[in-house]
Structure formats: structure tokens, C-alpha cells
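The values are calculated or read from the model by the stated rules, or taken from the named source; none is laboratory data. These numbers were taken from a predicted model, which means no experiment stands behind them. With ideal geometry, Cβ positions are generated from the backbone for all residues, glycine too; neighbour counts draw on all protein chains shown.
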Amino acid sequence: MCLATPSKIIGIRGGKALIQTHDHRHEVNLSLLKNVKIGDWVLCVNDLAIQKIPREDALGIINLLETKNQKPKIKTTDQNLKIKEIINHFKEGAFNKDDTIYLLNSEEDEKEILFAEADAVRRKFLQEFICIHGIIEFSNYCKNDCHYCGLRAENKNLKRYRMNIDEIVERAGWAANEKGYKLLVLQSGEDYFYTDDMLAEIIKRIKEKCRVFIFISVGERGYDCYKKIKEAGASGALFRFETSNLKLFQKIHPKGKNLASRLEHLKFMKELGYFIATGSIIGLPGQTIEDLADDILMTQKWANMVSMGPFVQAENTPLGQSEIRNSKSGTDPKSKILNSKQRAELNLKMIAILRLLKPTIRIPVVTALETLLGEEGRGRALRAGANSLMFNLTPEKYRPHYNIYDNKFFRKEDFWEKYGLFRHEESYQMLEERMQREMEK
């Protein structure tokens, strides 16, 4: 469930070991491990050693995680003192929209200060745990015509697919029972081929087959649907509001969708007891920094887990036409489109700001950010305060066709899965406790 910093055993007495992580020493229970000795490296959850790990892999993980601990060498200036003062206000809960805008506009030294402070908050409240979740995209049919999305109904060039119930249940069982995933997102377009009863059946059968938290991401299906699938065993909902700007929302959803309905769904999801993952799309055409500041405040209001990502163009969509795809640098004064680097940087700043505002919230590194920044996107997001990863578990024959946007990032995650997924009951209980604490806030 989480990749943790490895610790070295420096002493053993009875069923406990004295371990060292950085300069910190403490005892852990060895009941799950056999044949360990002084000098071995282990991964621990709370006060329980759960996995022995080779020295070279332990050092590799330390190198991966410790890069986030390097604070930038920045000279003290009046401007830098101002951003530090604003950050301190955020940590104390005394924030406002103007300060949020200031942080979103930060560049160079100020931006690095923002990222470093957010990472320090993450490590203070969440330690060196990088949580790992999975997503199964079970249908790319959608009745909507959202102007940014490659799954839109009017895209006649997309090869469509639907996984049947047995396929979905089998894939989820493989992910949970064989791989060790403890949280899975089942995602599709808004596809009414799957009735409320079918969705409930899928969730019930998965819950009967394995011990896993199920999040559902199926769009605006109404109160009755979400009540039924919650009763079937769903724990959470991934449901973005996309933008807090009413006019911008209508611009990207010209056919039948409205922001009021989106917010009403969030309201009743919370009342039904869902763990809500929500947020905005960053860098939409016509979106302003003021809009993004409002998005941050709306995310803070509704989210138990953040789900936000940069706008990435998709072919065969109104927002994916050539004038957007060919925008090389800066803001195109005609179309007001930020380039991919600007969108990615804004995403990183929003991660950092939300980490300051909500120190313990789960903030995943989304695929869209990795699509824009490539291999470095994951590391940069973690260094900005993100604390979880969402890996694509859609069967290979379907995966290329869930084309929400172009050139979607994907790679095999063997190393992360090997050391970040644990089949022990303790990891499920730990996730359950953390989710409960977040919902109580």
C-alpha cells in the first residue's frame, strides 16, 4: 500500500528489533519475519516490520526518497521573506485568496521555497510514506460531449470497449489478491450500459472476492445510483468538479451539464459517507490564476483526497485542435492557452499549496502530470508535497483506447509494486484508519 523508507536492524532482542532510520532509532515487532539478523534491512509500517529487503534495493529507495529532503540554497531577500510569511499563515490556517494568488504566481526562488516548505509539511505529518493505488478503466463509452475529453460521444475515431462484469471482477481480484493493492478505482465514461444494479453487482462481487477499498468514478449518475453502490460496498468516489468558474464550466460542457449539478453530487456523496476525491483541471483555455485560487478553496471544502491534474490536449476534441497543439511556448495571446510546461508548473504549485492547507490529505501524482513532464514528473510532484501514486491496471488490450488525452503516460511499475504493496491485514487496517481520520476532519 505504501513505499516506506527502509531501516537497518542494529539490534535484536526476543521478538523485537532495534532499527535505525536516518538519525532515529526505535523498536519494531518482528512477528511477520523469519531469519532476520543484525545488519539486515527491513520495511516497516508503524511499529511492525513487514518485509526484508536487499541492501542494494534499500539504498535505491533511500536515494529515491531522500532527494526530496534536499532544501534549496536560497539567499534571503525581502521578497523571500514575504513568501515565507504567507506560507506560515497558511500553516496556521490564516489564508486568503490574495495570498493564494501570490503563491500561484511564485517563480524561481520563491517557487522553490514553496515546494520545500510543502515537502517539509508532508514529511512532518505523513513521514516517508508514498502510498500506491490502482485504477481499472472498464469502459471508454460516454454519453457526454465535454470539449476537452477524448472519450466524448462525438469522437467517432475512438475504438470503443466495455469490460464485462466477470472481466472487471477478475481484474480487481488479481490486483488485490495477487499484487497486493488495497485501494482500487473503477473508472469509466458516463456509460449507462452499466445499470445501477450492474455497478452494485460488480462491487459486491469484488468485495466478496478480496479485501480492498473500492472507489467509483462513473460521472453524474444521481443520488439513487450512488446510494446503491455505497450500500454494495463502495468506499469512495473520484469525482472532479473540474472548475469553480461557472462560465468556464459551461464553455467546456455546452450540452446539458452544469456546475450546480456537479456540486449537488458532491454534497450528497458526502452525506452518504463517501471518501471524496475531487479537484480541478489546471490550465484550461480561458482559465485565470484567480480561477485556480477559487479551485483550491473549493477543493479544500470538499476533498478527503485531492484529484486534480493539468489540461492535456486530445485529438478530435474542440480543445485539441491544431492551434492549441501547435502552441510552442508562453501563452498564445489569441487562444489564451498555456503551454504544457506552464500547466505542469501550476499543477505543482497547487499540490504544494494544498499540502500546506491540508497537511495529512492524500495527494496523488496524476498520469496527466507525468504525461506532460515525463519521467521527472513523479519526482517533482513528490518533492512538491504529493504523497501517493495511481498506477494503471487496465488490461493491456484495452488500455490504449482509454484515450482521455493524447500520449497518455504509462510504464511498468515493478519496483514500486514490489516494495510498496503488502498483502498483510495490517496494511489494510492502516489505510482504513487514515481514511477515517481524514473524513472526520
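Quick rundown of the values:
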quantity	calculated
The lone exception for residue 229 - which of (1) surrounded by fewer than 22 Cβ atoms within 10 Å (Cβ to Cβ); (2) more than 26 Å from residue 345 (Cβ to Cβ) it fails	(1)
The range 251-265, residues that are basic (Lys, Arg) and in contact (Cβ under 8 Å) with a residue 60 or more places away in the chain	251, 255, 257
Matching helices (runs of 4 or more DSSP H) fully within the range 183-298 where at least 2 residues are of a type outside the set (A, V, I, L, M) and farther than 30 Å from residue 99 by Cα	196-209, 223-232, 259-272
Looking only at the range 338-369, and only at residues there that are charged (D, E, K, R) and over 25 Å from residue 286 (Cβ atoms), the one that is surrounded by the fewest Cβ atoms within 10 Å (Cβ to Cβ)	358
Candidate set: the range 1-38, residues that are aliphatic (A, V, I, L, M) and assigned to a loop (DSSP other than H, G, I, E, B); chosen: the one surrounded by the fewest Cβ atoms within 10 Å (Cβ to Cβ)	38
Conditions (1) assigned to a loop (DSSP other than H, G, I, E, B); (2) at pLDDT below 90: number failed by residue 79	(1)
Residue under evaluation residue 235, criteria (1) surrounded by fewer than 19 Cβ atoms within 10 Å (Cβ to Cβ); (2) farther than 22 Å from residue 310 by Cα, criterion not met	(1)
